[in-house]
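Below is one structure, written out as structure tokens; comments come after it.
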Amino acid sequence: MSVRRLFDRGGDTESFFTADRTVGPLVGGASLTATQVSAGTLVGTVGLHYLTGVSFTWIWVGIWAGWLTSVLLVAPQLRAHGGYTVPDYLADRFPGDSDGAFVRGLAAALIAVIYLVYTTAQYVAGGVVLDALVGLGTLPSAALLAAVAVSYTAVGGMRASVYTDVLQVALLVVALLAATAVGVADVGGFRGLAAQTAAVDPALLAWNHDWTRVGSLAASFGFGIAVAPYELSRVYAMRNPGTVRSAVGVAVVIQAVVAACIATLGVLARVRYPELSSPDAALVQLALDLFGPTPGVLLLLGVLAAILSTVDSVLLVTSSAVAHDFYEETLPAVRGVAQPSDESVARVARAAH
């Protein structure tokens with residue numbers, strides 16, 4: 001994949017949002033993983049393992065059940081339907097009296113508003129991590145992170161987003177494996193970690209959740225995975241429904257590695273820093289104090305990569321909602337105006353980032 005092709009500004013709007021539907025299962029699976037693993041996974045989930053121990057790993061069962069639901073009922077069907085946004089499908093499925101314009105417009109508005117809030121949270125988390133690395137301050141760091149994400153997605157669209165996702169998830173997995181190996185070796189291996197964890201609190205190695213709580217959390221995460229538009233947008237870039245199914249399998253395998261690493265790191269942080277005032281600081285504390293400059297910086301860069309890969313997918317699904325679903329489809333249907341040119345739709349798509 002050449003740099004020129006990766007950031008090709010040519011082609012129509014559909015090509016911009018689907019990468020010409022050329023993405024294969026390995027790249028697609030890495031992209032699905034990168035999109036799903038965000039600041040919440042790396043900062044928040046490590047913090048929850050810090051508080052509750054290894055038993056929170058069960059939440060991943062719900063996430064994988066969501067992927068299974070998506071494979072059986074959602075993602076391949078969307079790819080087979082065609083189009084390139086979730087509102088495309090909803091407008092065809094529920095046309096109503098307005099040929100789908102009302103449903104499409106409502107779905108586009110909800111996507112744009114909800115993901116504006118979600119993206120802001122990702123920028124703030126990224127600003128905290130980048131500030132820990134370079135000391136720019138949280139706000140300038142968040143602004144720099146936003147500028148990077150917007151620049152490559154606005155120029156390269158889905159193609160740039162998907163292939164940078166591969167690099168980002170590779171960095172993330174290498175960083176997590178390196179940090180886990182260094183941290184576990186430092187406490188005498190997994191036996192040493194288990195012994196020291198039991199000394200801090202034996203409940204950290206036991207089941208300490210009721211099934212109602214785990215079931216409700218698993219269901220909420222799983223449902224989100226199955227229907228989240230920013231995840232499903234990747235489906236439209238894949239070659240065919242069979243590719244979608246294979247890509248989900250690849251994503252689950254990668255996520256199993258991520259799950260094991262973050263559970264270990266959360267427990268390791270509890271052993272090292274049993275009195276942290278904020279559990280969400282556990283991962284950054286480990287990176288800065290325990291691992292030394294190389295593994296520590298690598299781990300924080302992995303966190304930034306995860307945040308960027310989530311942000312770029314959200315930017316694309318939001319811009320497609322604004323440019324394609326609202327500007328190109330809903331406005332002409334509601335106002336009776338002429339269909340906008342592909343060039344103007346492309347300009348709106350890039351401006352919507």
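Taking the simple approach of a point 7 Å from Cα along Cα-to-Cβ for both L116 and L136, what is their distance in nm?
Going from the L116 label point to the L136 one covers 2.4 nm.
On each of the three principal axes of the Cα atoms of the range 40-173, give max minus min coordinate, whole Å, ordered largest first.
Here the Cα extents, ordered largest to smallest, are 55, 39, 26 Å.
Given the DSSP H assignment, sum -39500 (n - 2.57) over each helix run of at least 4 residues in the chain and divide by its residue total; what's the result at 222 nm in deg cm²/dmol, nearest 500?
About -24000 deg cm²/dmol.
Sort L217, L78 by heavy-atom solvent-accessible area, probe 1.4 angstrom, most to least.
On the way: L217 55, L78 10 Å².
Output order, biggest surface exposure first: L217, L78.
Which one, T180, T18, T212, has the greatest fluctuation when you compute a Gaussian network model over the chain with C-alpha springs under 10 angstrom?
T212
Can you give the FRET efficiency for Q77 and D99, using 1/(1 + (r/R0)^6), R0 = 30 Å, r = Cβ-Cβ distance, to the nearest 0.05?
The formula returns an efficiency of 0.90 here.
Calculate the translational D of the range 44-97 in whole µm² s⁻¹ from Stokes-Einstein, where the hydrodynamic radius comes from the Kirkwood formula applied to all Cα pairs, the temperature is 20 °C and the viscosity 1.002 mPa s.
It diffuses with D of about 154 µm²/s by this estimate.
Mind listing the long-range amide H neighbours of D99? Cut-off is under 5 Å, sequence gap 5 or more, other chains count too, H placed in the peptide plane at 1.01 Å from N.
It is none; the list stays empty.
Between the alpha-carbon centers of the range 329-352 and the range 173-211, tell me the distance in whole angstrom.
One Cα centre to the other: 53 Å.
So what's the angle, to the nearest 10 degrees on a 0 to 90 scale, between helix 189-200 and the longest Cα principal axis of the chain?
The helix 189-200 is inclined about 80 degrees to the chain.
With θ taken as phi - 60° and the coefficients 6.51, -1.76 and 1.60, list the Karplus ³J(HN,Hα) couplings across the range 137-142 in order, rounded to whole Hz; mark glycine and proline as x.
x, 5, 5, x, 5, 5
Binning at 10 angstrom from zero up to the longest distance, how are the C-alpha pair distances of the range 24-352 distributed in percent?
Pair shares across the bins are 6, 25, 32, 23, 10, 4, 1, 0.
Determine the relative contact order of the range 107-228: mean sequence separation of Cα pairs under 8 Å and six or more apart, normalised by residue count, in whole percent. Please report the intermediate quantities before stating the final value.
Details: 42 pairs, mean separation 12.0, N = 122.
With pairs under 8 Å counted, the relative contact order is 10 percent.
Of V248, V173, V184, which is the most mobile in a GNM of the chain whose springs link Cα atoms less than 10 angstrom apart?
The residue with the greatest mean-square fluctuation here is V184.
Would you work out the relative contact order for the chain, in percent, from Cα pairs under 8 angstrom that are 6 or more residues apart?
It comes to 40 percent, rounded to a whole number.
Rounded to the nearest Å, what's the spacing between the alpha carbon centres of the range 25-96 and the range 238-253? Just the number, please.
The range 25-96 and the range 238-253 have Cα centres spaced 12 Å from each other.
Out of the total accessible area of the range 24-352 (probe 1.4 Å, heavy atoms of protein only), what percent is carbon and sulfur?
70
The values are calculated or read from the model by the stated rules, or taken from the named source; none is laboratory data. It should be emphasised that the depicted structure is a prediction, and the values quoted were computed from it without experimental measurement. Cβ coordinates were reconstructed from backbone atoms using ideal geometry, including for glycine residues, and neighbour counts include every protein chain displayed. Please note that ligands, DNA and RNA were not included when accessible areas were found on the heavy atoms of the full protein model with its side chains. Shrake-Rupley method; radii C 1.70, N 1.55, O 1.52, S 1.80 Å.
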